[in-house]
Amino acid sequence: MVVVKPIVPDVAAIATAITGVTAFAVAQGLTYPLISLVMERRGVPPTISGLNSGAYAMGLAVATFAVGGLTHVIRGDYLIVLSLIGCACCLATFASFDPLWLWFVARFALGFFASIIFVLSEAWLNTACPNRLRGRVSGIYGMGLCGGFAAGPLAITFFGTNDGLAFASLSGYVTLVAFVTFVLGRYASTRPQRGATGELLKVFRKAPLLIIMVSTFAFADVTAISTMPIYFVRIGHSATFAAVSVTALALPTAIVQPAIGWLLDRTSRLAVATCSCFIAGVSYMAIPFMPSELGILSAFGLMGAANFALYTCALTMLGDRFSGGALVAGSAAFTLAYASGCAAGSSITAGAMELIAPVAGPIAAGIILLAFTCVMIVNAICEAQRRHLAARLSSK
């Protein structure tokens, strides 16, 4: 089937995708720091806390292999709504039960449902969006994600960490948004396409740089929202500061993404990604040397804005290269890459903090970002040389 890309945006579809994923971002923005802080208060070692984050990443990974088949059984927009309801049930589990093993199960399930939401929302977003607006729409999508991450930790400020009220309030909110998403979806003229059989592994072969870009973003992102709150507590800051730091991370990130999207529609997308990765890496490395809380939050916010720009770049470039059912496979490949980056980030940085020193957490994330900056620069040089050689051969 030939997929015709839209000339005008399907506004209802774009609004539905952004509404659904923003709601989950609110819940995730709460669960990552809150679960880490609750486990720290209960005396759970950082390694176990990191493994709990890894359970979420495992759920993300498992769902990527199931989502294509599920789209042949249930319509994509309905799957998004059902997954939001599943997320609400997971949040209710955190609010109602204390056993650590059950939190691992709920964290895995939360990752599974999140994966379906992200894969289908991103595929739907690119399906509903014309090429000329892809960067800006991706920027607005990124703003919704980051705004949700920023709003989530505010629940900790209001409800604290000593009971399940924060989890329960978010569960009710996500349930409400599931209903709103269902209503909005009825006005959309497009739908998420069914997943293309056998396309998932092809994406890894066709777009390896995009896959590594998402993994690098995930490594630094999960370090910021899971490991860094523990880092701040370990070096003497309060639990409130640790929670607020995630909001300080996400707010500037949300504000900047539409501007990143505008740049992506006007300039070289690879150049935007390279500069963003470099800024994020340098900012991470600078955090341990900041003398004041304001300086730490400023560097943390700059890092978040630059790091999330990597994902905005990758999402825009994905829509350029794939269409139709291949977009579902591409989005699933992104989720799998994100899951691997999350698992590596939470485990490596938490382990480094425990085995070496707290400062090893942000330093490790900074090194990974700067290493990928070098990879993108080398790739750009090689591409330029190939184009130059091809031009010389064609002129002979």
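Just a few scattered comments:
- The peptide list 372-383, 243-254, 356-367, put in order of mean Cβ contacts within 10 Å with the highest first, becomes 243-254, 356-367, 372-383.
- In the stretch 325-381, the convex hull through the Cα atoms has an average projected area of 4.8 nm², a quarter of its surface area.
- Radius of gyration over Kirkwood radius for the stretch 265-318, both on Cα atoms: the Rg/Rh ratio is 1.09.
- Kirkwood hydrodynamic radius over Cα pairs of the stretch 262-396, then Stokes diffusion coefficient at 4 °C and 1.567 mPa s, in µm²/s: 76 µm²/s
- Residue order for ARG134, ARG269, ARG42 - accessible surface, 1.4 angstrom probe, largest first: ARG42, ARG269, ARG134
- Helical segments meeting 27 Å axial Cα length and Kyte-Doolittle 0.0 threshold in the chain (DSSP H): 11-41, 46-70, 76-96, 100-127, 165-185, 239-266, 293-321, 325-355, 360-395
- The calculated 222 nm mean residue ellipticity attributable to helices in the chain amounts to -28000 deg cm²/dmol, summing -39500 (n - 2.57) over DSSP H runs of n ≥ 4 and dividing by all residues.
- Accessible surface for the chain, divided over its residues, is 39 Å² per residue with a 1.4 Å probe.
- To the nearest 10, the accessible area of HIS72 is 90 Å² with a 1.4 Å probe.
- Net length gained if the chain between LEU355 and ASP320 were fully extended (0.36 nm per residue, minus Cα distance): 8.3 nm
- Subtracting the Cα-Cα distance of ARG41 and GLU383 from their residue separation scaled by 0.36 nm leaves 118.1 nm.
- Dipole magnitude of the stretch 160-294, debye to nearest 20 (Cβ charges: Lys/Arg +1, Asp/Glu -1, about Cα centre): 660 debye
- Taking packing as the residue-averaged number of other Cβ atoms within 10 angstrom, the listed peptides 297-308, 205-216, 23-34 run from highest to lowest as 23-34, 297-308, 205-216.
- Summed side-chain charge close to TYR311 - residues other than TYR311 whose Cβ falls under 12 Å, Lys, Arg +1, Asp, Glu -1: -2
- Charge dipole magnitude, Cβ of K and R +1, D and E -1 - the chain, Cα centre, debye nearest 20: 1360 debye
- Percentage, to the nearest whole number, of Cα pairs in the stretch 231-335 over 16 Å apart: 62 percent
- Positive end of the dipole of the chain (Cβ unit charges, origin at the Cα centre): among LEU263, SER346, ILE230, the Cα lying farthest that way belongs to LEU263.
- Taking all Cα pairs closer than 8 Å and separated by 6 or more residues, the relative contact order of the chain comes to 28 percent.
- Per-residue SASA remark: ILE140, around 80 Å² accessible (1.4 Å probe; ligands, DNA and RNA not included).
- For the chain, alpha-carbon Rg relative to the globular expectation (2.2 N^0.38 Å, N residues): 0.94
The values are calculated or read from the model by the stated rules, or taken from the named source; none is laboratory data. Predicted model only: the values in this text are computed from it and were never measured. Cβ atoms come from the backbone with ideal geometry, glycine included; neighbour counts cover every protein chain shown. Please note that ligands, DNA and RNA were not included when accessible areas were found on the heavy atoms of the full protein model with its side chains. Shrake-Rupley method; radii C 1.70, N 1.55, O 1.52, S 1.80 Å.
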